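J.: My questions all concern the structure below.
The values are calculated or read from the model by the stated rules, or taken from the named source; none is laboratory data. All values derive from a computational prediction rather than experimental measurement. With ideal geometry, Cβ positions are generated from the backbone for all residues, glycine too; neighbour counts draw on all protein chains shown.
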Amino acid sequence: MDAVQNQAPIFSSPYYYDNALTAESMMVYLTTRLGGIDEQIQGFFKSQEQSEEIRAAFNEIKRLLNELSESTDKDHSIKGKEDVLASIASTIDEIASMDPNLAERITNDLTTDDHILHVADPGDTNIVYTTREVENTRSYFDNLAGQLESTAQMNMIQLQSLMSARQTAISLATNLLAKHDESLKKVVDNIR
C-alpha cells in the first residue's frame, strides 16, 4: 500500500488533485445511495402491506361485534354468540403475528372494564355484554383505525420523498455518465 502512495501521480497537470472526486467514485456513491433508498422504499412497502392486513383484522373484529345480537333484557344487555369472543381473541392473535406490541396494547385496553374482553372465560357460551361495552369496543377500534390511517398517510409522504430522492440520484447518475462519455469523446477527437 505504501508503495502505491509513494508513486508519482499519473497526471502531472496543475489541475489534477489527489483527492479529486472522479466520475467512478461518484458512480459508486450514487449506486450506494440508490441501494439505501431502495431498501427504505421496500421497507415502506412492507409497512403498508402490514397496515392493510392490520386494517383488515380491525374490520373483522368490528364485523364480529356487529354479530352480537341485542337481547330483550331491560338492562340493555347484548347476548354473545358462542364463538364471537374466541374469534376476536383469534383475530388479535393474528395481529400479534404482525405487530406484537400493538396486539399487547389492544389486549390490555380491551380487558379493562367497559370493554368486551374483561369477561373472565372467553369459552363461556352464555356471555352477556352491556351495550356500553360493545359500543366502547367499537369506538376503540374506530380510533385505532384512524391512527393507522394517519400513520399510513405519513408513510406515503415519506415514500414520496424517497421516490423523489431516488429520481434525483438516477438523474445525477445519468447526467454524470453522459458528461463522462462526452469528455471521453472529446479526448479521442483531440488525439485524432
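J.: Identify the residue in segment 46-63 that is without any contact (Cβ under 8 Å) to a residue 60 or more places away in the chain and of a type outside the set (S, T, N, Q) and, among all such residues, is nearest to Ile106 (Cα to Cα).
T.: Step by step, filter segment 46-63, then rank; the result is Ala57.
Okay, residues lined up against (1) hydrophobic (A, V, I, L, M, F, W, C); (2) touching a helix residue (DSSP H, G or I) at 6+ places or on another chain (Cβ under 8 Å); (3) over 22 Å from Leu102 (Cα atoms):
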{"position": "Thr131", "(1), (2), (3)": "no, no, yes"}
{"position": "Thr137", "(1), (2), (3)": "no, yes, no"}
{"position": "Asn143", "(1), (2), (3)": "no, no, no"}
{"position": "Ala165", "(1), (2), (3)": "yes, yes, yes"}
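J.: Got a sec? Which helices (runs of 4 or more DSSP H) wholly within segment 1-112 have at least 2 residues that are surrounded by 13 or more Cβ atoms within 10 Å (Cβ to Cβ) and modelled with pLDDT under 65?
T.: Of the helices (runs of 4 or more DSSP H) lying wholly inside segment 1-112, none has at least 2 residues that are surrounded by 13 or more Cβ atoms within 10 Å (Cβ to Cβ) and modelled with pLDDT under 65.
J.: Now for a separate question. Go through Ala152, Ala178, Ala169, Ala173 for me and flag whichever is over 30 Å from the mean Cα position of the chain (by Cα), of a type in the set (Gly, Ala, Ser) and assigned to a helix (DSSP H, G or I).
T.: Criteria check complete, one pass: Ala178.
J.: Could you list all residues from segment 91-110 that are touching a Ser or Thr at 6+ places or on another chain (Cβ under 9 Å) and without any contact (Cβ under 8 Å) to a residue 24 or more places away in the chain?
T.: Passing the criteria: Ala96, Ala103.
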